[in-house]
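Asks: My questions will all concern the structure given below.
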Amino acid sequence: MMADDAILVAHDLTMKYAGTNGGMPALERVSLSVRPHEFVCIVGPSGCGKTTLLRLLSGLLIPTSGRVEFEGQPLVGPRRRIGFVFQQANLMPWRNVLDNIALPLELQGVELETRRERARDLIELVGLQGFESALPRDLSGGMAQRVAIARALSHQPELLLLDEPFGSLDALTRERMASELMRIWSRRAVTVIMVTHSISEAVLLADRVFVLGPRPGSMRLEVEIPLARPRTLDMTYTREFGAVADRIRQAIESA
Amino acid sequence: MGLFNQTKPTPATYPPHGIRRWQQAWVVPLSLIVAVALWQVTAEVSRLPAFMLPSPVEVWSRLLRAVSDGSLVRHTWTTLGEVLGGLSLGMSVALSLGYLLAKSPTAERLLAPYIVASQSIPTVAIAPLLVIWFPGRLSKILVAALIVFFPVLVNSIVGVRSVPEELKDLMRSLRATRWQVFAKLEAPAAMPVILGGLKVGATLSVIGAVVGEFVGSDAGLGFLINVGRGQYDTALVFVAIMVLIVMALGFYAIVDRLERRLLRWRADPTRE
Ligand SMILES: Nc1ncnc2c1ncn2[C@@H]1O[C@H](COP(=O)(O)OP(=O)(O)OP(=O)(O)O)[C@@H](O)[C@H]1O
Ligand SMILES: [Mg+2]
């Protein structure tokens, strides 16, 4: 393992939810290691424990056994240096876009003017100029998801965890959002771990892809994506792309 | 799980927003004029004595008399004070206890039986006891507070429990303090339900104060009604009742304003 220069290391994570005593664990002996500024995707069939794994990596959930190390320290709870984007946009409906994005800064006691300024920068980054004072109820799914990403970036985390952030979007919006995320990632010194259902999305975005098998989720495959950067949607049609995607698909299907 | 999990929030027993649309128009004033006219006609045609059914004209002149001798204003202030006192006392106890019960299953298990049992006693039955124990206006405030207490309690429990699990996770992932979770998540998330409780509570506290005054008092609109009844001055009873109605409507309007101001973020129900 490249544990030395890794930003995040997981050793033998097993998760059994309370109430499923003696039953099948949701996640079994998963180990992984992520380098700084790496873009990693986790794919796997529904219910295989992807959300569970991501929550374990964020410190929101404590594993039944195994451990997580973040920046060389054992992770025992949520950290401000780890940002989390939930499967749903998860915005506060009573806050407008600007104040939703500024929430993490507000909780840290950053002054109003400073945090508004930073939130405005982020609004620009995710392309939502003009919607500063819009309420979540007036946003489309894609816009809400961009607000959620901006919010997770606002306190400048080292590590960004995304749980199927584009899951509820249509194919076109999804592609646009994926390119946007790639652009944001290339501009910022942030490490990304993203869960997705879509194999092609994973191959397009990631440096490495982890494949989880069906419940109890365990690591099936770990592939380096050999495509050069910057990546474009056209690459989807290359032979290399198809070959990697195929390997991943087979790993998932060989249940 | 706890007792209150099945409990639905008490809905405000007021017409929904849609009613506003025709309130603004001429319908309400017109219906009022028609109602008063019908009342006047009934009073005249039926030839009932004034102590049975006073006519609007008689009630109006009684109102003017009560205003000019200063008694109506004085009694209204008394009742208003009791209502506001009862409302704030009942609300604050119910809100803080509701928060505690919503957050702590132990507290709920411990206290719920007493709270539910206490609700099986009609407030009207406890009122005499309170009047005996607490002389003066305090007893009326307590009756009003008591009657406000339960619906607001239930609503605040439901409100705090309705905070989405995902937003709690968000606050946790951002390492929010307990106070921050309360101030920035639980309070605003529970606000719609709590304002619903306040709407119901505001009118209930008017009822509570009047019940307290009925049982024993020397001031207030409830006292005025008692006096009017005793002296066959039925017009005075009508006057007091109307002031009570205006008071309840006033509270409704205030909470409604507050609601529209604080809950602007919710999807506007009149938009479609
Ligand atoms: N809080 C919980 N308590 C009990 N079981 C749970 C809990 N959360 C998840 N599980 C179970 O653990 C398994 C993995 O769930 P998880 O949400 O991690 O899957 P997932 O891969 O994210 O699925 P999806 O792709 O549908 O989002 C599922 O079988 C689920 O039923
Ligand atoms: Mg999931």
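Asks: Which of (1) within 16 Å of ligand 2 (Cβ to nearest atom); (2) open to solvent by less than 10 Å² (accessible area, probe 1.4 Å) does residue A:82 not meet, given it meets every other one?
Replies: All conditions are met except number (1).
Residues checked against (1) within 14 Å of chain B (Cβ to nearest Cβ); (2) touching a residue at least 40 places away in the same chain (Cβ under 8 Å); (3) crowded, with 23+ Cβ neighbours inside 10 Å; (4) on the phi > 0 side of the Ramachandran plot:
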{"site": "A:42", "(1), (2), (3), (4)": "no, yes, yes, no"}
{"site": "A:60", "(1), (2), (3), (4)": "yes, no, no, no"}
{"site": "A:91", "(1), (2), (3), (4)": "yes, yes, yes, no"}
{"site": "A:95", "(1), (2), (3), (4)": "yes, yes, no, no"}
{"site": "A:100", "(1), (2), (3), (4)": "yes, yes, yes, no"}
{"site": "A:107", "(1), (2), (3), (4)": "yes, no, no, no"}
{"site": "A:111", "(1), (2), (3), (4)": "no, no, no, no"}
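Asks: Read through the list (1) crowded, with 22+ Cβ neighbours inside 10 Å; (2) under 15 Å from the mean Cα position of the chain (by Cα); (3) of a type outside the set (S, T, N, Q); (4) farther than 30 Å from residue A:18 by Cβ, then give the number of the only condition that residue A:119 fails.
Replies: Status for residue A:119: all satisfied but (2).
Asks: If you don't mind, another one. For the stretch A:22-40, which residues satisfy the criterion of being in a strand (DSSP E or B), more than 14 Å from the chain's Cα centre (by Cα) and within 20 Å of residue A:191 (Cα to Cα)?
Replies: A:30, A:31, A:32, A:33
Asks: Hey, can you tell me all the residues within the stretch B:52-91 that are in a loop (DSSP other than H, G, I, E, B) and either open to solvent by less than 20 Å² (accessible area, probe 1.4 Å) or hydroxyl-bearing (Ser, Thr, Tyr) (or both)?
Replies: B:54, B:55
Asks: Exactly one of these conditions fails for residue A:225: (1) of a type outside the set (Ser, Thr, Tyr); (2) open to solvent by less than 20 Å² (accessible area, probe 1.4 Å); (3) over 26 Å from residue A:183 (Cα atoms). Give me its number.
Replies: (3)
Asks: Turning to a different aspect of this structure: What are the residue pairs meeting all of these: first residue in the stretch B:208-226, first residue over 10 Å from residue B:140 (Cα atoms), second residue in a loop (DSSP other than H, G, I, E, B) and open to solvent by 20 Å² or more (accessible area, probe 1.4 Å), Cβ atoms under 6 Å, and 6 or more apart or on different chains?
Replies: Sorted first by the residue in the stretch B:208-226, then by its partner, the pairs are B:223/B:217.
Asks: Failed condition for residue A:168, given (1) closer than 18 Å to residue A:35 by Cβ; (2) within 16 Å of ligand 2 (Cβ to nearest atom); (3) surrounded by fewer than 20 Cβ atoms within 10 Å (Cβ to Cβ), with all others met?
Replies: (1) is the only condition that residue A:168 fails.
Asks: Which one of these does residue A:64 not meet: (1) surrounded by 21 or more Cβ atoms within 10 Å (Cβ to Cβ); (2) more than 10 Å from ligand 1 (Cβ to nearest atom); (3) more than 12 Å from chain B (Cβ to nearest Cβ); (4) over 22 Å from residue A:203 (Cα atoms)?
Replies: All conditions pass for residue A:64, except number (1).
Asks: Right, next: Residues in the stretch B:135-170 that are away from chain A (no Cβ under 14 Å), open to solvent by 60 Å² or more (accessible area, probe 1.4 Å) and at pLDDT 90 or above: how many?
Replies: Going through the stretch B:135-170 one residue at a time, the tally reaches 3.
Asks: Could you identify the single residue in B:43, B:94, B:102, B:37 that is farther than 25 Å from residue B:211 by Cβ, in contact with a Pro (Cβ under 9 Å, 6 or more places away or on another chain) and modelled with pLDDT of 90 or more?
Replies: From the options B:43, B:94, B:102, B:37, the qualifying one is B:37.
The values are calculated or read from the model by the stated rules, or taken from the named source; none is laboratory data. Note that the structure is a prediction, hence the values are computed from the model and not measured. Methodologically, a virtual Cβ is constructed for each residue, glycine included, from the backbone with ideal geometry; neighbour enumeration extends over all protein chains shown. To get the accessible areas, we keep the full protein, side chains included, count just its heavy atoms, and leave off ligands, DNA and RNA. Shrake-Rupley method; radii C 1.70, N 1.55, O 1.52, S 1.80 Å.
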